[in-house]
């Protein structure tokens, strides 16, 4: 997963060189302990949930892969739950145990931020790219607080 994040940084983007250095440093020093891999969606967010006669159906499985379960929480945390703790609490109430462990969670958010900023730039989605830059600042702040 770190290699994928580094590969994003090697593509065209508008992340400041000093920030790229900080991102690479953070990726190189976070914990790489063992993790349990489970089937994950890869783009787990409300736009991929359809309600059909009271049943939630999931679409867009093009990024499904075996990953740590907390990776599916990253987009929810930054796009759906920020400033809306009641939504996070409701999701976790239905989901069960929160799988986000602090060191691994920081790394997950960092990698997600990199991909968001670079992908947004590559496809010309300025709002998404800007969101990625905000996510990078938030993720790097988590590393400086650790």
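Each reported figure results from applying straightforward, stated rules to the coordinates on display, with no laboratory input. Since we're looking at a predicted model, the values are computed, not measured. All Cβ positions, even for glycine, are placed from backbone atoms using ideal geometry, and neighbour counts span all protein chains on display.
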Original post:
What single numbered condition from (1) in a helix (DSSP H, G or I); (2) touching a strand residue (DSSP E or B) at 6+ places or on another chain (Cβ under 7 Å) fails to hold for residue 70?
Top reply: (2)
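How about segment 82-104: which of its residues are closer than 26 Å to residue 22 by Cα, in contact with a helix residue (DSSP H, G or I) (Cβ under 8 Å, 6 or more places away or on another chain) and in a helix (DSSP H, G or I)?
Hit for segment 82-104 is 104, nothing else.
Among the residues of segment 49-67, is any part of a helix (DSSP H, G or I) and under 26 Å from residue 122 (Cβ atoms)?
No: zero hits.
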**OP:** Say whether the condition of being surrounded by 14 or more Cβ atoms within 10 Å (Cβ to Cβ) and closer than 25 Å to residue 10 by Cα is met by at least one residue in segment 82-102.
**Re:** no
**OP:** Determine the pairs where a residue that is at negative phi and without any contact (Cβ under 8 Å) to a residue 24 or more places away in the chain, located within segment 110-125, has a partner that is buried (at least 23 other Cβ atoms within 10 Å of the Cβ) and in a loop (DSSP other than H, G, I, E, B) with Cβ atoms under 7 Å apart, the partner being 6 or more residues away or on another chain.
**Re:** none
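Please pick out the residue among 51, 38 that is exposed (fewer than 15 other Cβ atoms within 10 Å of the Cβ) and touching a residue at least 12 places away in the same chain (Cβ under 8 Å). Step through it out loud before you land on a result.
Details: 51 fails: touching a residue at least 12 places away in the same chain (Cβ under 8 Å).
One residue alone meets the criteria, 38.
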Original post:
Which residues, counting only those in segment 11-35, are surrounded by 10 or more Cβ atoms within 10 Å (Cβ to Cβ) and part of a loop (DSSP other than H, G, I, E, B)?
Top reply: 11, 13, 14, 15, 16, 30, 31, 32, 35
Original post:
Residues 127, 107: which one is surrounded by fewer than 16 Cβ atoms within 10 Å (Cβ to Cβ), in a helix (DSSP H, G or I) and in contact with a helix residue (DSSP H, G or I) (Cβ under 9 Å, 6 or more places away or on another chain)?
Top reply: 127
